């Protein structure tokens, strides 16, 4: 299973005047947001990770910075491969980024994450233990308690008996939230994404999931309760992130306790 991280957005809600600003490089403890996501995947046993990003001026420098940042999170990089995929049209939204990523992946399944979601435990390992009976499996929050996420902005899910019935930000009758981490059966979801791309200029990952449901694929959810998670969309949420995960806290991004890692 390869990893795929979608990181081609413009970070527009941060209102940065710096066109090179990328929110996933915001500092988090000893490293940054993106590198902790990658470290969580590596800790799960993922050996190859693909990142879809918007235009970067120097791929070599970009990759070197990421690898250096991952090491700061305490992860060993033996037999690890990082592949960068450039999205020249990020305005086509993250469904197009997903298609670009799937086009470069040969593994039967892919572990998909957004580039701005942080968790208090290793969500990847939990999802990876339950994916095989599904074409799509989404990590979901069953909303057993009030969370640190922005409920108004969250993607809502209505699920029943482990299968997703409906998904979207405008879903009114929902019983869980999309946590932004999936396992996907690569070839099937690539084909669905290609069909959508041939008909629409813009489309999202949610559109791909809805199409998979309409195609009668096995589109499931896996509830992960009592996990703290944030979708870092603005400075207010980033401030909340820093208050939760700091050097004096007993919470660690993806459960990556520095005392258990190799420096």
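When you count the other C-beta atoms within 10 angstrom of each residue and take the mean per peptide, 89-98, 120-129, 50-59 line up highest first as 89-98, 120-129, 50-59.
Under the classification rounded if a/c is under 1.5, otherwise prolate if a/b is larger than b/c and oblate if not, where does the chain fall, given a ≥ b ≥ c as square roots of the Cα gyration tensor eigenvalues? It comes out rounded by the Cα gyration axes.
Which residue fluctuates the most in the chain, going by a Gaussian network model with Cα springs under 10 Å, if the choices are 220, 40, 147? In the Gaussian network model the winner is 147. With all pairs of separate Cα atoms included, the stretch 36-185 yields a Kirkwood hydrodynamic radius of 16.9 Å.
If R0 is taken as 41 Å, the Cβ-Cβ distance between residue 78 and residue 21 corresponds to a FRET efficiency of 0.80. Entry note, the chain: the mean residue ellipticity at 222 nm calculated from DSSP H runs of n ≥ 4, each adding -39500 (n - 2.57), is -8000 deg cm²/dmol after division by the residues and rounding to the nearest 500. The relative contact order of the chain, computed from alpha carbon pairs under 8 Å that lie at least 6 residues apart in sequence, is 26 percent.
Pairs of alpha carbons in the stretch 116-178 separated by more than 18 Å make up 40% of all such pairs.
Between 113, 12, 248, the Gaussian network model of the chain with springs among Cα atoms under 10 angstrom shows the greatest mean-square fluctuation at 248.
Pairwise Cα separations in the stretch 110-238 fall into 5 Å bins from 0 onward with the following percentages, short to long: 2, 10, 22, 24, 22, 13, 6, 2, 0. Just checking the listed ones, 108, 146, 170: in the Gaussian network model of the chain with Cα springs under 10 Å, the one fluctuating most is 146. Stokes-Einstein, applied to the Kirkwood radius of the stretch 171-214 over Cα pairs at a viscosity of 0.890 mPa s and 25 °C, places its translational diffusion at 209 µm² s⁻¹.
Ranked for footprinting exposure by Cβ neighbours inside 10 Å, fewest first, 116, 141 give 141, 116. Computed from the Cβ-Cβ distance with R0 of 35 Å, the FRET efficiency linking residue 55 to residue 249 stands at 0.50.
Here, each number is a calculation from the coordinates, and none is a lab measurement. In this text the structure is predicted, and so the values were computed from the model without any measurement. With ideal geometry, Cβ positions are generated from the backbone for all residues, glycine too; neighbour counts draw on all protein chains shown.
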